[in-house]
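Dropping a structure here in structure tokens format, bear with me for questions.
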Amino acid sequence: MDDRFFEREYNPYESDASLMESKSRHADFADISVNICGIAMKNPVMAASGTFGFGEEYAGLYDISRLGAVVTKGLTLERRCGNPPPRIYETPAGILNSIGLENPGVEGFIRWEWPRLCRSGIPVIANIDGDNANDYYRMARRLSELDGLAAIEANISCPNVEKGGMAFGQHPESAYEAIKAVREGTNLPVIAKLSPNVTDIRQIAEAAVNAGADAISLINTLQGMAIDIHKKKPVFHRTFAGLSGPAVKPVALRMVWEVFEAVRVPIIGMGGIASWQDAVEFMLAGASAVAVGTANFIDPFAPLKIISGLKKYLIGQGIRALNEIIGSAH
Amino acid sequence: MSLFCGSVKIIDNVEIAPGIFRMGLECPEAAESASPGQFLQIRCFEGLAPLLRRPISIAAADKDSGMIEIIYRVVGEGTGILARKTKKDMLDIMGPLGKGFPVPRGLRRPVIVGGGIGVAPLLFLAKSLKENSSRDSYGRESDFCGLAFVGFSSGEEVFGMQFLEDCCFNVEICTDDGSEGHKGFPTDLLEEYLKHIMPIPASNRENAKSAGDSECTSASSAILPEAVYACGPEPLLKKVKQIASMTKIPTYISVEQRMACGVGACLGCAVKSSGGGYLRACRDGPVFEAHQLIL
């Protein structure tokens with residue numbers, strides 16, 4: 001139920017002033033468990049889709065069941081090979097990526113990844129991405145047959161594919177259509193993952209909720225690009241790519257803030273979260289949980305440090321439960 | 001768990017050729033399990049820019065002393081910061097990562113082909129090949145004598161040659177400008193050597209494999225190389241792969257690709273697979289059998 005024992009191994013921010021302060025406070029326990037539309041998580045820190053594979057890759061470093069939940073790499077109906085390299089390009093405090101949804105397909109996932117994942121002792125959220133509404137429906141339906149899957153995250157925001165993906169997430173009507181299809185295909189909680197590449201994120205969030213989304217995830221990557229000055233050509237084959245990492249955090253935070261004011265469903269905040277301080281900001285802005293993405297690449301222990309930092313922050317503030325701070329900056 | 005991630009002490013960081021540094025690290029965990037061809041993901045900077053870790057191959061690992069060594073070239077911001085680190089500084093590393101070179105017991109004539117900074121992992125490999133050669137699979141003492149064809153842009157860039165010789169490798173150096181050794185590429189030397197040792201007409205090349213298997217000697221009555229190992233720039237690997245396809249000698253190449261996570265999670269470091277789709281340089285490689293990839 002809590003992970004206070006894990007703190008010993010990591011000394012992330014021992015010297016941080018706000019934590020030193022905590023030693024003099026009375027509280028020594030804070031409840032950081034959360035329940036997001038029926039997904040019971042022992043802490044609010046998830047691994048973001050596409051940055052954690054199917055959970056196996058980081059299992060050599062720590063027990064992944066210490067996380068609140070894991071979101072799978074984006075799945076499509078059929079297996080996909082992804083985009084030709086280069087797929088990664090470093091930018092100041094960020095990364096551009098153009099992976100292109102390389103994945104084993106829903107059936108491949110069920111056959112090769114799920115048997116192991118379902119025993120990991122942690123809520124698993126399947127991220128799905130369709131070319132059309134019917135894809136979303138069929139994937140949601142098929143995945144609902146799995147015993148123990150915690151939720152479906154409908155990715156209507158991938159910027160790196162030919163069809164579907166972000167195109168769904170850029171208009172309220174198409175967002176509604178995609179989420180509606182997922183909703184019709186499953187009784188599991190449905191999370192809509194939104195794209196930041198829109199004029200008004202609130203309209204998209206509202207459409208997703210109207211279509212039956214139980215929660216909102218945001219943000220996916222911001223569309224960007226890079227040019228090779230020697231070849232005088234774009235770095236990426238698809239010209240545009242998705243920007244993630246600490247560079248996008250202020251944008252993500254603003255969007256969580258906006259969506260919190262627009263809809264009533266829980267928000268899973270993500271976009272450049274690399275420290276517990278970042279996570280606290282997102283929660284104060286209205287996120288009930290957070291997902292760590294790019295930061296995993298820089299410091300694989302980042303999610304664990306965030307969990308322990310969050311807890312220490314609450315204790316230091318004399319706050320007994322995480323719920324008390326969600327959206328409290330408004 | 002054999003994967004280490006954490007802060008380790010820098011023992012030394014020395015410029016061994018212009019822009020090329022050798023860094024010693026104290027990391028018993030990584031030294032214990034490291035094999036040639038594997039790499040470390042190194043966080044050069046504690047802040048957020050440059051953000052990503054840098055994959056750098058392991059040039060030496062010693063279980064007894066717990067030391068691990070990397071040799072790297074300064075190519076940009078990250079490695080620039082790395083070059084300015086000094087003795088006793090701490091460094092955040094993750095590793096050993098990836099699939100390395102196979103090092104079977106009892107090889108007698110392995111051939112390594114390296115270009116520039118690609119020579120670094122081959123030093124570790126050469127040592128392991130030598131150590132594993134002392135007895136063959138029947139327990140006989142072997143007459144180990146490896147061959148190393150290495151290329152650099154110029155003579156002043158050359159490093160590691162004494163080390164290779166100490167590992168019982170005959171070393172032939174090439175430079176792009178001819179300032180040391182042969183003028184040209186190490187793959188030219190590889191090709192020449194193979195032509196000399198296995199003078200088989202193109203039409204009979206299928207037979208080369210069986211000749212190798214039975215350890216029959218060719219016209220030159222020399223022992224045929226049992227394996228070819230290569231690391232270097234892409235044109236070098238392409239050429240090695242092309243040569244490999246003609247000789248049937250097992251050939252292993254170590255590739256480089258832009259990388260983010262280093263553990264196989266992000267799918268950023270894709271390399272084209274000859275079986276369709278992509279493989280991950282970080283987890284399925286960086287060492288592949290030459291025929292596995294489309295270069």
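The values are calculated or read from the model by the stated rules, or taken from the named source; none is laboratory data. This is a predicted model, so every value here is computed, not measured. Quick reminder, even Gly has a Cβ in these numbers, built from the backbone with ideal geometry, and neighbours come from all protein chains shown.
Only residues that are in contact (Cβ under 8 Å) with a residue 60 or more places away in the chain and in a helix (DSSP H, G or I): list them for segment A:222-254, please.
A:246, A:247, A:248
Another question about this same structure. Can you tell me which residue in segment A:47-98 is nearest to residue B:258 (Cα to Cα), limited to those that are assigned to a strand (DSSP E or B) and of a type in the set (S, T, N, Q)?
Kept after step one, since they are assigned to a strand (DSSP E or B), are these residues of segment A:47-98: A:47, A:69-71, A:75, A:80, A:88-91, A:94-97.
Applying the additional criterion that residues be of a type in the set (S, T, N, Q) yields A:91, A:97.
Values: A:91: 13, A:97: 11 Å.
Per the criteria, the residue is A:97.
Would you be able to tell me the number of residues in segment A:27-71 that are over 23 Å from residue B:2 (Cβ atoms), among the polar types (S, T, N, Q) and more than 14 Å from chain B (Cβ to nearest Cβ)?
Matching residues across segment A:27-71 total 3.
Among the residues of segment A:162-172, count how many are crowded, with 22+ Cβ neighbours inside 10 Å and either assigned to a loop (DSSP other than H, G, I, E, B) or of a type in the set (Val, Ile, Thr) (or both). Even if it seems obvious, please write down each step before you answer.
The initial filter retains those residues of segment A:162-172 that are crowded, with 22+ Cβ neighbours inside 10 Å, namely A:164-166, A:168-169.
Now restrict to residues that are either assigned to a loop (DSSP other than H, G, I, E, B) or of a type in the set (Val, Ile, Thr) (or both): A:164-165.
Looking only at that region, the number is 2.
If you don't mind, another one. Inside segment A:208-221, can you point out the residues that are outside any loop (DSSP other than H, G, I, E, B), surrounded by fewer than 24 Cβ atoms within 10 Å (Cβ to Cβ) and under 20 Å from the mean Cα position of the chain (by Cα)? Walk me through how you get there before you give the answer.
Here is the first cut: in segment A:208-221, the ones outside any loop (DSSP other than H, G, I, E, B) are A:208-210, A:215-218.
After this cut, where a residue has to be surrounded by fewer than 24 Cβ atoms within 10 Å (Cβ to Cβ) as well, the list is A:209-210.
Passing the criteria: only A:209.
Within segment B:246-264, which residues are more than 22 Å from residue B:54 (Cα to Cα), of a type outside the set (A, V, I, L, M) and at pLDDT 90 or above? Before you say what the answer is, go through the steps one by one.
Taking segment B:246-264 first, the residues more than 22 Å from residue B:54 (Cα to Cα) are B:246-252.
Cutting the leftovers down to of a type outside the set (A, V, I, L, M) gives us B:247-248, B:250-252.
Matches in segment B:246-264: B:250, B:251, B:252.
Right, next: On the phi > 0 side of the Ramachandran plot and more than 11 Å from every other protein chain (Cβ to nearest Cβ), is that true of residue A:105?
yes
Right, here's the next one. Out of curiosity, is residue A:310 closer than 13 Å to residue A:32 by Cβ, within 14 Å of another protein chain (Cβ to nearest Cβ), in contact (Cβ under 8 Å) with a residue 12 or more places away in the chain and buried (at least 23 other Cβ atoms within 10 Å of the Cβ)?
Numbers: closer than 13 Å to residue A:32 by Cβ: yes; within 14 Å of another protein chain (Cβ to nearest Cβ): no; in contact (Cβ under 8 Å) with a residue 12 or more places away in the chain: yes; buried (at least 23 other Cβ atoms within 10 Å of the Cβ): yes.
Considered against the rule, which asks whether it is closer than 13 Å to residue A:32 by Cβ, within 14 Å of another protein chain (Cβ to nearest Cβ), in contact (Cβ under 8 Å) with a residue 12 or more places away in the chain and buried (at least 23 other Cβ atoms within 10 Å of the Cβ), residue A:310 comes out as no.
Of everything in segment B:242-265, what is facing chain A (nearest Cβ under 9 Å) and touching a Ser or Thr at 6+ places or on another chain (Cβ under 9 Å)? Give them in sequence order.
Filtering segment B:242-265 down to residues facing chain A (nearest Cβ under 9 Å) leaves B:257-265.
Listed by number, the residues that qualify are B:260, B:261, B:265.
Quick check on segment A:254-268. Is at least one of its residues crowded, with 23+ Cβ neighbours inside 10 Å and either in contact with a Phe, Trp or Tyr (Cβ under 8 Å, 6 or more places away or on another chain) or of a type in the set (Gly, Ala, Ser) (or both)?
Yes: segment A:254-268 contains one or more residues that are crowded, with 23+ Cβ neighbours inside 10 Å and either in contact with a Phe, Trp or Tyr (Cβ under 8 Å, 6 or more places away or on another chain) or of a type in the set (Gly, Ala, Ser) (or both).
Return the pairs, sorted by first residue and then second, in which the second residue is surrounded by 24 or more Cβ atoms within 10 Å (Cβ to Cβ) and part of a loop (DSSP other than H, G, I, E, B), the first residue lies in segment B:266-295 and is away from every other protein chain (no Cβ under 12 Å), the beta carbons are less than 8 Å apart, and the residues are 6+ apart or on different chains.
Every condition considered, the pairs that remain are B:285/B:98; B:286/B:37; B:286/B:98; B:287/B:37; B:287/B:98; B:287/B:100; B:287/B:101.
Quickly run through segment A:269-284 and pick out the residues that are surrounded by fewer than 24 Cβ atoms within 10 Å (Cβ to Cβ) and more than 14 Å from chain B (Cβ to nearest Cβ).
A:280, A:281, A:284
Here is a yes/no grid of residues against (1) within 15 Å of residue B:116 (Cβ to Cβ); (2) of a type in the set (Phe, Trp, Tyr); (3) not assigned by TED's automatic domain parsing to the domain that holds residue B:222:
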residue	(1), (2), (3)
B:149	yes, yes, no
B:155	yes, no, no
B:165	no, no, no
B:172	no, no, no
B:182	no, no, no
B:185	yes, yes, no
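Which of the residues belonging to segment B:32-44 are within 23 Å of residue B:260 (Cα to Cα), more than 14 Å from chain A (Cβ to nearest Cβ) and either crowded, with 22+ Cβ neighbours inside 10 Å or without any contact (Cβ under 8 Å) to a residue 40 or more places away in the chain (or both)?
The answer is B:34, B:36, B:37, B:39.
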